[in-house]
Amino acid sequence: MTRGAVSVLVQELIAQGLIYEGATGEVARGRKPTFLHIRTHDRLAIAVDVRFSKTFLMLSDFSGRQLALETYDTIFNVPQFVKDLAARIRRILKTRGIEGDCEGVGVAVPGMVDHRTGRILNAPTLGWRDVDVRDPLAAATGLPVQVENSGRACSLAHMWLERGEAASTQSFVYISVSDGVGVGVVVNGELVRGHDHIAGEFGHMPLSLDGPRCMCGMTGCWEAYVSNLATLSRYFGWNLSKLSPKSLRDAERKTFSVPDLVARARGGDAKANTAIQSTARFLGLGLATIVNVVNPDCIYLAGEITSAWDL
Ligand SMILES: [Zn+2]
C-alpha cells in the first residue's frame, strides 16, 4: 500500500473516532512520525469462550481489559445455548454497558468454523455439527456476532493485543491446553486457515494408533495425551476409552483440577508428579512435530498445565 493510501485510510478512521493521534516520535532525520492509538476505553465487546466443561462470558473494552466475567456449565442444546447466552448478554450490558457502546460479540468454540459464514462445521466435544450460532445470537441481541475456532481466537488476540517484543513475532504458533488442545498458526503475520478451515488442527494429530480414545472419535490424538482430562486420568487411573461422554463431562466438571494436581506435586505427591511429567513428555512430542512442520519464530503455550513449568 502506498503512503498516500495509508494516510487517506488513517484520516477516515480519525474522522470516525476509531483512532486518534498521540505524541510525535523522534527520528534522526526526516519527518517526525505521529503515533496513532486505537480508541479503546469506551468501546466494549462481549467475549464468549465455549468449552466442554464451562462457558466463560466476559465484557471487556477494546484493549482487552476485563470489566465483568461470568462462568457457567456449558449448555449443549444449541437453541437453548443461544437463548440463555442472549439473556446473559442483555443482563450484563444492562448493568455494565453504561461504560461504553458494545460493538459486538465474539464466540470462540473448540471446533472447525467456516470463518465466512460463521457456521460451526464440527465441534466434537460439544456434539455440534454444522450448526449456526451466529445469526440467531445476532438476531436475539441486536449485535454483530463473530464465531471463531478457539485456538485461532487466541492467535488473533495475541496479534492484536500484545505489546513490546512479543508483538513483533510474525510467525508463531499459539497452543492452548485445557479441556482440549486449541492451536492457531500464524505465518508472516497471517492466520493460516487452510482450504477447509482445519489448518493447524494439531490437537488431532495421531501420536499412536493404539492410544487413548479422543473426544473426536479417533484414537491416539495428541489431545488425548495432553488435555487436562488426560493428565487427571493418569493420576486417578481413569480409562478414557471406557468413559461415556456423560461421565467424561462429569469428570471434567469435578472440583479437582489440574492446578490442584500441580499443588499436590509441589507438596511431594509422587503420583501427581509422575502424571504431570508424563503429560510434559507428550507435550514435547507434539511440539517437536510442530517445530518441524511450521518452523515458527516462537511457540506460545497457555493453559493450566503451564503453572507446572518449573516442576
Ligand atoms: Zn482427536
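The values are calculated or read from the model by the stated rules, or taken from the named source; none is laboratory data. These numbers were taken from a predicted model, which means no experiment stands behind them. Here the Cβ is made from the backbone with ideal geometry for all residues, glycine too, and neighbour counts use every protein chain on show. Each accessible area value is taken on the protein alone, full model and side chains, heavy atoms only, with ligands, DNA and RNA left out. Shrake-Rupley method; radii C 1.70, N 1.55, O 1.52, S 1.80 Å.
Can you say whether ARG116 is among the basic types (Lys, Arg) and open to solvent by less than 50 Å² (accessible area, probe 1.4 Å), as far as the supplied structure shows? Even if it seems obvious, please write down each step before you answer.
On the way: among the basic types (Lys, Arg): yes; open to solvent by less than 50 Å² (accessible area, probe 1.4 Å): no.
The answer is no for ARG116.
Of all residues in region 108-130, which are away from the ligand (no atom under 16 Å from the Cβ) and within 19 Å of LYS54 (Cα to Cα)?
Residues of region 108-130 that are away from the ligand (no atom under 16 Å from the Cβ), as a first pass: 108, 113-120, 130.
Those that are away from the ligand (no atom under 16 Å from the Cβ) and within 19 Å of LYS54 (Cα to Cα): ALA108, ILE120.
Go through the residues of region 247-262 one by one and say whether even a single one is outside any loop (DSSP other than H, G, I, E, B), of a type outside the set (A, V, I, L, M), modelled with pLDDT of 90 or more and within 16 Å of the ligand (Cβ to nearest atom). I'd like the intermediate steps shown before the answer.
To start, the set of residues in region 247-262 that are outside any loop (DSSP other than H, G, I, E, B) comprises 247-253, 258-262.
Retained after the next criterion (residues that are of a type outside the set (A, V, I, L, M)): 247, 249-250, 252-253, 259-260.
If we keep only those that are modelled with pLDDT of 90 or more too, we end up with 259-260.
Subsequent filtering for residues that are within 16 Å of the ligand (Cβ to nearest atom) retains none.
No, every residue in region 247-262 fails to be outside any loop (DSSP other than H, G, I, E, B), of a type outside the set (A, V, I, L, M), modelled with pLDDT of 90 or more and within 16 Å of the ligand (Cβ to nearest atom).
Are any residues in region 204-230 part of a helix (DSSP H, G or I), aliphatic (A, V, I, L, M) and more than 10 Å from the ligand (Cβ to nearest atom), and if so, which ones? Show your work before the answer.
To start, the set of residues in region 204-230 that are part of a helix (DSSP H, G or I) comprises 204, 222-226, 228-230.
Imposing the further condition that a residue be aliphatic (A, V, I, L, M) reduces the set to 224, 226, 229-230.
The answer is VAL226, LEU229, ALA230.
Which condition breaks for ARG116 when tested against (1) touching a strand residue (DSSP E or B) at 6+ places or on another chain (Cβ under 8 Å); (2) part of a loop (DSSP other than H, G, I, E, B)?
All conditions pass for ARG116, except number (1).
Please go through region 180-203 and pick out each residue that is open to solvent by 40 Å² or more (accessible area, probe 1.4 Å), of a type in the set (A, V, I, L, M) and either within 15 Å of the ligand (Cβ to nearest atom) or under 30 Å from ARG264 (Cα atoms) (or both).
ILE198
Tally the residues that are under 15 Å from ALA86 (Cα atoms) and outside any helix (DSSP H, G or I), restricting the search to region 135-161. Break it down stepwise before answering.
Looking only at region 135-161, we keep the residues that are under 15 Å from ALA86 (Cα atoms), and these are 135-147.
Checking the rest, the ones that are also outside any helix (DSSP H, G or I) come to 142-147.
So the answer is 6.
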